[in-house]
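Below you'll find the structure, written out as structure tokens, and then a few comments.
The values are calculated or read from the model by the stated rules, or taken from the named source; none is laboratory data. In this text, all values refer to a predicted model and were calculated from it rather than measured experimentally. Glycine gets a Cβ as well: all are built from the backbone with ideal geometry, and neighbour counts include every protein chain shown. With ligands, DNA and RNA removed, areas are computed over all heavy atoms of the protein, side chains included. Shrake-Rupley method; radii C 1.70, N 1.55, O 1.52, S 1.80 Å.
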Amino acid sequence: GAGVSQSPSNKVTEKGKDVELRCDPISGHTALYWYRQSLGQGLEFLIYFQGNSAPDKSGLPSDRFSAERTGGSVSTLTIQRTQQEDSAVYLCASSPQGAYGYTFGSGTRLTVV
Amino acid sequence: AQSVSQHNHHVILSEAASLELGCNYSYGGTVNLFWYVQYPGQHLQLLLKYFSGDPLVKGIKGFEAEFIKSKFSFNLRKPSVQWSDTAEYFCAVNAPGGSYIPTFGRGTSLIVHP
């Protein structure tokens with residue numbers, strides 16, 4: 001596609017439920033990143049995929065968070081047993097190999113009630 | 001690991017005023033530097049980037065930034081702001097010799113009064 005597509009754009013869930021957030025990167029971009037944006041906190045790195053290499057999961061805040069990337073394209077971020085502190089905007093970005101510039105999606109606003 | 005500091009969290013200006021947003025990073029090696037902008041209700045967009053060469057970088061919408069290696073700084077400037085520049089501005093750095101994961105600053109909220 002022309003840009004990075006994320007779905008859903010908004011998600012309200014009850015505390016304790018699991019959620020899945022989806023990211024469709026730009027076709028041909030081998031690198032994919034997930035970030036979390038909380039009010040006044042900037043962008044917090046979560047996980048990085050590069051081609052077929054093992055992902056860099058160093059930013060995941062707890063074992064309730066996981067992500068996968070199928071076929072080197074679409075990625076899904078899963079949050080299990082959601083907590084109120086998980087409420088944030090989850091951003092996905094992709095870049096060509098070498099990462100000389102990142103294109104961001106519009107994000108998924110997650111609200112845990 | 002690299003880190004990025006944006007010292008101005010909130011900036012309020014009147015139209016036609018000059019703008020300078022500070023960005024300092026900590027990393028001893030070669031870096032790539034970026035400024036991103038997020039307009040209200042929109043996604044992050046690249047304003048400008050520095051990889052090598054001329055340390056004064058021109059970006060879109062009249063923005064520029066200067067890389068000063070000795071100061072580990074990459075400040076964003078615009079000589080005359082407009083109301084439409086009201087947005088959140090993020091500085092970011094990555095290390096091309098290692099992980100390509102960009103580290104972002106906390107952002108600066110700019111409000112321009114007409």
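Rounded to whole numbers, the Karplus 3J(HN,Hα) couplings from phi for the range A:51-57 are x, 9, 6, 5, x, 8, 9 Hz, using 6.51 cos²θ - 1.76 cosθ + 1.60 with θ = phi - 60°, and x at Gly and Pro. Remark on B:Asn75: its backbone amide H falls under 5 Å from those of B:Cys23, B:Glu66, B:Ile68, a criterion applied only to residues 5 or more positions apart or on other chains, H modelled at 1.01 Å from N.
Residues whose amide H falls under 5 Å from that of B:Arg106, counting only those 5 or more places apart or on a different chain, are B:Gln6, with hydrogens built in the peptide plane. A straight line joining the Cα centroids of the range A:1-19 and the range B:27-86 runs 30 Å. When Lys and Arg each count +1 and Asp and Glu each count -1, what net charge do the other residues less than 14 Å away from A:Leu32, Cβ to Cβ, add up to? Every neighbour counted, the sum reads 0. Karplus-based coupling profile of the range A:26-31, in residue order and whole Hz: 5, 4, x, 6, 8, 9, with θ = phi - 60° in 6.51 cos²θ - 1.76 cosθ + 1.60 and x standing for Gly or Pro. Computed from backbone phi, the HN-Hα couplings of the range A:66-77 come to 8, 8, 9, 9, 9, x, x, 10, 4, 10, 10, 9 Hz, rounded to whole numbers (Karplus: 6.51 cos²θ - 1.76 cosθ + 1.60, θ = phi - 60°; Gly and Pro given as x). All other residues whose Cβ lies under 12 angstrom from that of A:Pro61 are scored, Lys and Arg at +1 and Asp and Glu at -1, for a net of -1. Cut-off 10 angstrom, C-alpha nodes, Gaussian network model of chain B. Which of B:Phe90, B:Phe72, B:Phe34 fluctuates the most? Maximum among the listed residues: B:Phe72. Among B:Ile12, B:Ile68, B:Ile60, the largest mean-square fluctuation in a Gaussian network model of chain B, built with springs joining Cα atoms closer than 10 Å, belongs to B:Ile60. Ordered by 1.4 Å accessible area with all protein chains kept, B:Asp54, A:Asp63, B:Asp85, A:Asp56 run largest first as A:Asp63, B:Asp54, A:Asp56, B:Asp85.
Summarise the partner chain shielding of A:104-111 as one whole number: the mean count of Cβ atoms from other chains within 10 Å of each residue's Cβ.
Working: counts 7, 2, 4, 3, 0, 0, 0, 0.
Going residue by residue through A:104-111 and averaging, the value is 2.
Sparse packing (at most 15 other Cβ atoms within 10 Å of the Cβ) combined with a DSSP loop state is found for the following GluC sites (Glu not before Pro) in the range B:1-72: B:Glu15. Put simply, the amide H of B:Glu15, placed in the peptide plane, has neighbours under 5 Å in B:His113, leaving out anything fewer than 5 places away on its chain.
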